[in-house]
1. Between Gln653 and Asn1172, how high is the FRET efficiency from 1/(1 + (r/R0)^6) when r is the Cβ-Cβ distance and R₀ = 41 Å? Nearest 0.05.
2. Calculate, for Thr191 and Val125, the FRET efficiency according to 1/(1 + (r/R0)^6) with r their C-beta to C-beta distance and R0 25 Å; round to the nearest 0.05.
3. Quote the accessible area belonging to Glu1390 in square angstrom, nearest 10, computed with a 1.4 Å probe and with ligands, DNA and RNA left uncounted.
4. I'd like the distance between the alpha-carbon centres of region 1453-1491 and region 275-334, rounded to an integer number of Å.
5. Highest mean first, how do 811-818, 609-616 rank when packing is the count of other Cβ atoms within 10 Å averaged over residues?
6. Report the full-extension gain for the segment Asn273 to His408: residue separation times 0.36 nm, less the Cα-Cα distance, to one decimal in nm.
7. Can you give me the distance in nm between label points at Asp1392 and Arg1484, each placed 7 Å from the Cα along the Cα-to-Cβ direction?
8. Would you please classify the overall shape of region 767-893 from the alpha carbon gyration tensor, given that a ≥ b ≥ c denote the square roots of the eigenvalues, rounded means a/c under 1.5, and beyond that prolate means a/b larger than b/c while oblate covers the rest?
Amino acid sequence: MPQANGATYAQSADVYTSPRRGRQGSDMDSETERGWGSNSRSDPSSTQTQDGRGENGHIESGQRSHDTLDPVPLMPYWSAKRHLTCGNPTPHSPSAIEQFPWRGSAPGKLKTANAALVLCMNIDVDPPDIIKTNPCAILECWVDPHTMPSKKALEAIGTNLQHQFEGLSMKIPYKPILDPSYEDLRRFCLTLRKQAKEDTIVFYYNGHGVPKPTSSGELWCFNIQYTQYIPVSLLELQSWLGSPGVYIWDCSAAGNLLQNFNNFAERRDQEINMTRGGYPDGFQPFMNCLQLAACAAHEQLPSCPELPADLFTSCLTSPIDIALRFFIMNHQLPNNISGEMVSQLPGDLKDRRTPLGELNWIFTAITDTIAWTTFPREVFTRLYRSDLLIACLFRNFLLAERIMKNYHCTPHTYPPLPPTNTHPLWAAWDLAVDACLRQLPDLIGAHPDGSLASQTNQVGSAASKTKRPQGPATQKEKGKVANIKGEKPYVYVPSRFFSDQLTAFEVWIARGGSALTKRGPLSQPMQNGVDGSPGSQPNGDIHDKATEDHHLVPRKPPDQLPIVLQVLLSQPHRLRALILLSQFVDLGPWAVHLVLAIGIFPYISKLLQAVGQDLRPVLIFIWARILAVDPSVQADLYNTGGFKYFANVLAVQEDPNHLVLPNASEHKAMCAFILSAIARDFPPGQMACWRERVFDNCFDRLDEGDFLLRQWSALCIGQIWDGNDELKVYGVDRGTQDKLIALLSDDSPEVRAAALFALGTFMGANGAADVNKRGGGGSGTMYQLEERIHFRMEVAVATGATLAIKDDASPMVRKELLILISSLVKEWRGYFVVCAWIYWEEDRKRAGAGPPQLHDDDLTGQAVVDWLDNFGDDDAAREENRVLLSSFFTIFVVLLELSVDPYPEVATNAQTIVDYVIALLLESPFTRLDSSSLQIPPVKSSDARTPQLGGLRSRVPSPQPPSSPGILRPSLSRSDTMTSTISTGVSNTLKRTSSFANALKNLAGTIAFPSMEDLRASPNPGLSHFASRPELADASRPPSPNLNIAQYTSPYSLPPTPLIGPSTSNGSPRSSLETDYRPMDCEPSDVMEALMEEDMERLRARRRAATRGQQSPSTFSMDSNGSSVILGMGTGAGIRDVLPLKSTFFDWCCEYFKEPQMRQAEADEPGSVQYNYQVWRQQRNEQIIAEVETQSDVAQNSRWDKYVSKIQVPGHPLLLAFHAYDNHLATANESDIISVWDWSRKKRLNSFCNGNPKGKGITSLEIINQDVGGIIMTGSADGVVRLYRNYDPAAGQGPVQMISSFRGLNEVVQMAKGSGVIMDWKQSGGSLLVGGDSRIIRVWDAHTETQVLDLDTNADSPVTAMMSDHGSSSTFVASFADGEVKVFDRRLEEEDAVVRSYAAHGSWVQNVRWHPILPGQFLSASLDGDVKLWDLRGPDRAIQTWNTHPTGLAAFDVHPQTGVFAVSSAMTPTHWRDQRITVQSMSRSVLSNYNVPNGISSFPHSARGGGGPSPFIPRSTSLAFHPLEMLYGVGGADGTIRIMGCKFT
């Protein structure tokens, strides 16, 4: 796109640079994180950072560089738009109002059909009430009536008047009515209304030859003999002409007609409203009529002899002639330019290249701009953008007002308009006229004395002069300037008006066009007393609600906006005008709406027919903005065929040596967005896109290097085949679904979510904007496939997507997976009911719940065997059905996992699906089987740590865990194949962290489900029993995300409208308490087969439905045709149809094209508050680092017992984390409470809960992104990683919010003494290592939010500590509970990543740290008190050992900047009153050794055996060094944290 400052432009596409702010190229897919300063953006590939730092985060040349430090990059992680919104579009501000419709579709829209030109002249006879001056105005329609017989003069005047009106608009017929009698006038008016039907009639009345209108509202005509003046009441005229109409009153005292017309119209409208209740459709009130009156009721028309008698009509119908004449009368020009010379100005009004045409063009632009800047938006749209003739009349009325007010005559209109005769732009018009007329003598070959050249073409008569503006033949003749002496003809110098106005527009944009201002004369105009601009997001971070200044609004738009629109008509200026328009619409949706309201749409639509390639980039950009703001233009692009323009661009194959389109990938992504918007919820648009091969081109673009193009190609495919069975068939034939599944391993989270969106619409989810359209119907008819192949394909798509995405770190992607799964559940709910029953029975059996006799036999295993026996000896069929059932079971287990997802929105959506399945299970025939335990209510667990589904769902262990230590949760890694997963069998998959019985307690009847109220109000369905004590509801809940809009939908709550289909068998939905538990005489395998057969019947019904868009029934099929199995056994009655879920991802992606692209973010704008703050932070950080460099050498030889500060925290401060640059200390205690303190001021900044299940404490704590602020990252023993922002209230960014959360480690091994989850974060590479109670160490990439690899630990004990190498991102060291220390290299195979292993420690290794100075060396410390120094290049034994505390060691840390380490003594039964702190240099002896009192009165019970308050942290105290400064914190058992420092000598 053009440069942000708009300082230059060129008429070549070469200057059109990328609109994506900060993009350094289009193929930077390795960097999938957007710039930190662009929080409102959705570009995950941006690599540009602030203040000159490159994409690797290091300071570039000329800036600070530290050889001894691993530079902290400015590229922050988890700070992109997707983390602030999780794929939710920004909600509309409650203060925003609906913009006035730009199409002019407001009430009162007018369309002219015909016109009556009534002339009551009665030439040669003056009316009795008019006394004319001598001399006086004579010309009527530029005809002197006294130069010819009166009859011919009247005809000439009528003909000229008709020509003048035709010059305004040729589309409607004009009927001159010359000196009519009363009967003639009545007949003509009735005929015109009959012809116009419901459209508008223009009624022009010239009463110069009759008396003035009366004060009672009567105008005059003649009798047949022309002997009398006959009055015509406006009441009669209204009854003849009806409504709507446009009335032009050109006579003295015209205000009488205007006022009385309104009085009569108001009376008529009131009468119709009272008698008929209003007007029928298609008819408009009389008050909607428009009027233009030449003067007020007490005024008389001017009679200046230099002006025509019909001055008002001349201004309305021939404005250029009268404007030039008026200019000559009021300005002195050189060369004695006369009015006669002006009348010979060459050119054609329709040809903008000629002087006359250019003046007409300038006049149109100026009057449009005056109206735009003066009138209210709705008035402007109605008068100037609804009908061509009406727009011309009201545009020219501004000239009439300007001229006639100089002669004490005030034209009036209805609706009344503000005065415009003193508008500053009239000066620009005078300047343009002056510049043109100064060239007139040269143009017409005049002599210096002003006499005309002999061969100059002159106008012979006044009548012919009047035709000059309209007569084409005359115009051409005037363009031929005589060349008297054979000299080179004079070349007209065009006006600089448009060029100057474009420059002014450019300056407005470049000099703060995007700035916000306070409400006032320089801000956006108010609409109905409310500012209309906040409907769009202001610039900056739209998601930090606390930072929004609601008093700031966009600036007043530039006055030149309508002029820029006119410039689009000019070929020389077009590209420059389009580039400026693109920069303007880039300011936000409010700017796009203004451009549409000004009338750009027809112009920009016509430009799609242009063949020039130089306009392509800027047209694509502008159209993308228009579609993002107003998707309704999809119908216009379809009807005009404009969509083909973008389809052709998308199909262009780029040659790297000859680029047809600059930044081709990005502009093709815009084209894909435009085409997806055309296809969205619009079947004609879908088929049109398919015919233009858009589907095929998007399919090919899925392999492109640019993430944005891949993302929008997938989204476009998703919209094209949404609800369209024919196109789904076409897509399957091309293998589109397989390619989309392959895209689920993409590096960009946006691309993965887009692929899931496309797969979701393929499986029946709905992609329309209407929230009431939920979709359904699966993948459609698929008539080209066999029934079983169709079935297998749907299951394979869902299973492949589930296995690929279930462990994705992005909650936005996991949300989209649930949309896909919900579509499968809706169509194959019988299979899911079977899976839920199997899970229930197996879990009850494992937990030992229910009567013992129910668990003597393998109920579920026998049921599956019996069901498979129905297939006889057909081994292929048996294997196929076993695989299908296992696939459904795998998806169901993942659903259960997601129902307790750490991210609230994901869990809420999954709970809706799971509860729907469970509700169907409890309504199913399984409840009536003798052998089933469904009818037996679960026993409430005595374990208080196990919340029920009715409360907060949990992942805590079941009351009776299996004795064998295995992986307790079903583990399906990304590398697992479907076959290997299924081969383990159904029963082996029933390993889960939380008991399924607990998940069913609420639905099983212990807590009655509400039947009469909708539970959408609460994201968590079972908080009703917390209502009386709100503190319990929030005590253990973590901070909510910024946009947490997912709503739980109960399967039992009443919908707002009655259910459709057979499910409405009774008046109220049945709750689980009302289920019929009468036993059934059948086997479980029979129920399984019946439910599965119902699913197959639903598939057959869908395949029979050839009509596009027909959806499956909302409940179980009651159709048993073609099946021998009994169907419709009552399952599903009263269950609400809540599936499939609705995705908001497409709308979220569309916001990308509403956000500024061509200018820097607010944080990157020099001088902005954010920019200044970050510059200050950087300078402050550099100063701290410089101080540290001078202190690090001295600190190795100084004492470290200087008291700095002391703070008191609740609980045991088991984990400490210092901020590198701010005086912030984050702590976590055994109660999962995270506290953030300002240790210098001893003030607590914030405190919040991490939200773990009880018994699963926080075991890791990090502060990331410290260079630009900070995000707290926690790891808890349940394997979950959570991230929080806004922990510092001083930053003014609002409350603490969860940014993201994911299961960093899902293969948690339950151990007698585990370490929970251990993390190591490396900022420079954006890598996160997660280990702990697992046999693997998982490597996560923060850029892509995916797991990179799983490294085998080759150990049977948990990881206790990890740390990445300071230099290399490939190597790291990890310690273990059995005393081992291992060095890993990520570049090797996952099974062989251990390159060194050290086993010198004899007990739990508490910590391991790299040497801060010497590369290749690291230290480790074990609980027995030994600290060992290792060298990677040396032998397998320690090169040095310190026995710091023979009685045991509690905590150990190494300062990252100097060769010093510190240890604290363990709490033992003999030494528990205080702990000993030892700070030792690696090159010398002990530097400091002192005791710190623990502040407790007795030896804590939890500390026996070397334990602590947390079962995962074997200590009661803590110790941690500051990352930079010579400080360290010591946490005591009494909650006291002492900040100690180095004593510099």
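The values are calculated or read from the model by the stated rules, or taken from the named source; none is laboratory data. The model shown is predicted, which means the values in this text are computed figures rather than measured ones. Virtual Cβ from ideal backbone geometry, glycine too; neighbours counted across all protein chains shown. To get the accessible areas, we keep the full protein, side chains included, count just its heavy atoms, and leave off ligands, DNA and RNA. Shrake-Rupley method; radii C 1.70, N 1.55, O 1.52, S 1.80 Å.
1. Values: r = 47 Å, r/R0 = 1.15.
Here the calculated transfer efficiency is 0.30.
2. Working: r = 28 Å, r/R0 = 1.12.
Using R0 = 25 Å, I get an efficiency of 0.35.
3. 70 Å²
4. Here the answer is 95 Å between Cα centres.
5. Answer by packing, highest mean first, reads 811-818, 609-616.
6. On the way: separation 135, 0.36 × 135 = 48.60 nm, distance 4.01 nm.
Full extension from Asn273 to His408 adds 44.6 nm.
7. So the label points at Asp1392 and Arg1484 sit 4.7 nm apart.
8. Oblate is the answer for region 767-893, as a/c is 1.5 or above yet b/c matches or exceeds a/b.
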